[in-house]
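Take a look at the structure set out below.
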Amino acid sequence: MKEISTKIIINASVEKVWSVFTNFSEYSTWNPFIKSVEGQVLSGNMIKIKLAPPDSNEMIFKPTILVYKEHQELQWLGHLLIPGLFDGRHIFNIVDNGNGTVTFYQKEVFKGILVPLFSKMLDNNTRKGFMLMNEELKKICEND
């Protein structure tokens, strides 16, 4: 198992951050990491994601939405080829800090027999992609 976790404080309301974060049709205009999200993002649904980790090739995968709690949390689970080889549970949380700011958490838990082979790429490219996305989300939410 391997986990990558990032967070950022955003000077905006939960509603504002959630609105920008879940406006998936706009991802191609601002998101440097997740280039597109296609499909209906609701618990139980399969969607199509295009990722562009820094210094890596773009990849497309079709995860299943596990959790969709408005203004709070989104989780999906994706697999490489078949479950158990390389599985990624991506988790986004938005927490109201009670002072006009929120903390946006982004993490992914990787499991499977191929995870050790990708460990260095996950630590570098994937973590960097999370941080770039977090920074851009912060800019949009704070400058609107």
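What the table shows:
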{"read-out": "Residues that are in contact with a strand residue (DSSP E or B) (Cβ under 9 Å, 6 or more places away or on another chain), farther than 27 Å from Gly44 by Cβ and either polar (S, T, N, Q) or not in a helix (DSSP H, G or I) (or both), drawn from the range 83-127", "value": "Asn97, Thr101, Thr103, Ser119"}
{"read-out": "Given (1) more than 17 Å from Val14 (Cβ to Cβ); (2) at pLDDT below 95, number of the condition Asp144 does not satisfy", "value": "(1)"}
{"read-out": "Filter result for Gly39 (touching a Lys or Arg at 6+ places or on another chain (Cβ under 9 Å), modelled with pLDDT of 95 or more, surrounded by fewer than 18 Cβ atoms within 10 Å (Cβ to Cβ) and at positive phi)", "value": "yes"}
{"read-out": "Cβ-Cβ under 6 Å pairs, at least 6 apart or on other chains, the range 50-68 side in contact (Cβ under 8 Å) with a residue 60 or more places away in the chain, far side of a type in the set (D, E, K, R) and part of a strand (DSSP E or B)", "value": "Ala52/Lys35"}
{"read-out": "Long-range neighbours under 6 Å by Cβ, at least six apart or interchain, first residue outside any helix (DSSP H, G or I) within the range 10-30, second surrounded by 16 or more Cβ atoms within 10 Å (Cβ to Cβ)", "value": "Ile10/Val17; Ile10/Val102; Ile10/Phe104; Ile10/Lys138; Ile10/Cys141; Asn11/Thr101; Ala12/Cys141"}
{"read-out": "Number of positions in the range 96-135 that are surrounded by 17 or more Cβ atoms within 10 Å (Cβ to Cβ), of a type in the set (Asp, Glu) and out of contact with any Ser or Thr (no Cβ under 9 Å at 6 or more places or on another chain)", "value": "0"}
{"read-out": "Test: residue in the range 71-87 that is closer than 19 Å to Thr126 by Cα, loosely packed, with under 14 Cβ neighbours inside 10 Å, touching a Ser or Thr at 6+ places or on another chain (Cβ under 8 Å) and touching a residue at least 12 places away in the same chain (Cβ under 8 Å)", "value": "no"}
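The values are calculated or read from the model by the stated rules, or taken from the named source; none is laboratory data. Worth saying up front: this structure is predicted, and the values here are computed from it rather than measured. For neighbour counting, all protein chains shown are included, and Cβ atoms are generated from backbone atoms with ideal geometry for every residue, glycine included.
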